[in-house]
Amino acid sequence: MSSIKIECVLPENCRCGESPVWVEASNSLLFVDIPAKKICQWDSLTKQVQRVTVDAPVSSVALRQSGGYVATIGTKFCALNWEEQSVIVLATVDNDKKNNRFNDGKVDPAGRYFAANRRSVYKLEKEEQIPDGMCIDAEGKLWVACYNGGRVIRLDPVTGKRLQTVKLPVDKTTSCCFGGKDYSEMYVTCARDGMDPEGLLRQPEAGGIFKITGLGVKGIAPYSYAG
């Protein structure tokens with residue numbers, strides 16, 4: 001079995017990093033920092049980061065079949081032209097609900113962009129872990145980042161059995177995706193908001209982007225929005 005290696009490839013200090021998406025065409029990783037209102041793209045070859053700041057908390061980003069990206073910004077579905085750093089609103093929901101926003105979003109195999117708002121209900125586990133962002137591997141198994149659990153876990157979606165646990169050096173793991181050459185690497189986002197100074201001293205890489213290699217399983221390419 002391969003030896004698992006975990007490294008912080010980008011010390012981004014995200015307040016709340018989320019929605020990692022691998023962009024195969026550019027060997028880069030997309031992700032967002034929700035409260036900082038930023039969409040970021042990290043080039044795995046040059047190690048450089050580009051950032052676009054938007055006008056509201058941005059909860060997810062995804063590829064678009066026609067080019068560019070789509071994102072959920074506040075309560076809006078938006079199209080993002082990365083080269084021009086411009087945003088076009090595609091649709092707005094819940095205008096009548098104050099203090100509401102999208103909390104997460106994902107494109108399904110049919111090319112539809114689904115997003116959930118902040119009124120979703122989560123189940124708190126025994127170890128005070130909150131299931132957060134997730135992805136599917138090539139064997140159809142589910143990988144879940146556990147917020148406040150400092151880990152990603154692999155589950156059998158049919159039986160619910162936990163198959164594997166990978167601990168990270170940060171507690172607030174938020175989401176995960178596969179990427180890299182042949183999708184054999186896993187990228188994990190995390191948060192630092194809510195941590196006190198002592199906690200940040202213990203976990204200086206909180207808010208960074210982590211890469212896990214040696215899992216012995218590959219992922220699949222992300223789906224693209226068909227609109």
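Brief remarks follow.
- Residue in region 182-194 that is more than 26 Å from D43 (Cα to Cα), free of Cβ contacts under 8 Å to residues at least 40 places away in the same chain and of a type in the set (S, T, N, Q) present: no
- Checked against the criterion of being assigned to a strand (DSSP E or B), open to solvent by 40 Å² or more (accessible area, probe 1.4 Å) and either more than 17 Å from V23 (Cβ to Cβ) or without any contact (Cβ under 8 Å) to a residue 12 or more places away in the chain (or both), the candidates T165, T159 yield just one match: T165.
- Residue match in region 10-22 (condition: without any contact (Cβ under 8 Å) to a residue 60 or more places away in the chain, out of contact with any helix residue (DSSP H, G or I) (no Cβ under 9 Å at 6 or more places or on another chain) and part of a strand (DSSP E or B)): no
- Checked against (1) out of contact with any Leu (no Cβ under 9 Å at 6 or more places or on another chain); (2) open to solvent by less than 30 Å² (accessible area, probe 1.4 Å), K218 meets all criteria but (2).
- Pick from region 48-60, criterion over 18 Å from F102 (Cα atoms) and in contact (Cβ under 8 Å) with a residue 24 or more places away in the chain, ranking: surrounded by the fewest Cβ atoms within 10 Å (Cβ to Cβ): Q50
- Residues in region 37-71 that are in a strand (DSSP E or B) and more than 14 Å from G17 (Cβ to Cβ): D43, Q50, V52, T53, A62, L63, R64, Y69, V70, A71.
The values are calculated or read from the model by the stated rules, or taken from the named source; none is laboratory data. Predicted, not measured: the structure shown is a model, and the values here were computed from it. Reconstructed Cβ throughout: ideal geometry from the backbone, glycine too, with neighbour counts over all protein chains shown. Just so you know, the surface numbers come from the protein's heavy atoms only, side chains and all, with ligands and any DNA or RNA stripped out. Shrake-Rupley method; radii C 1.70, N 1.55, O 1.52, S 1.80 Å.
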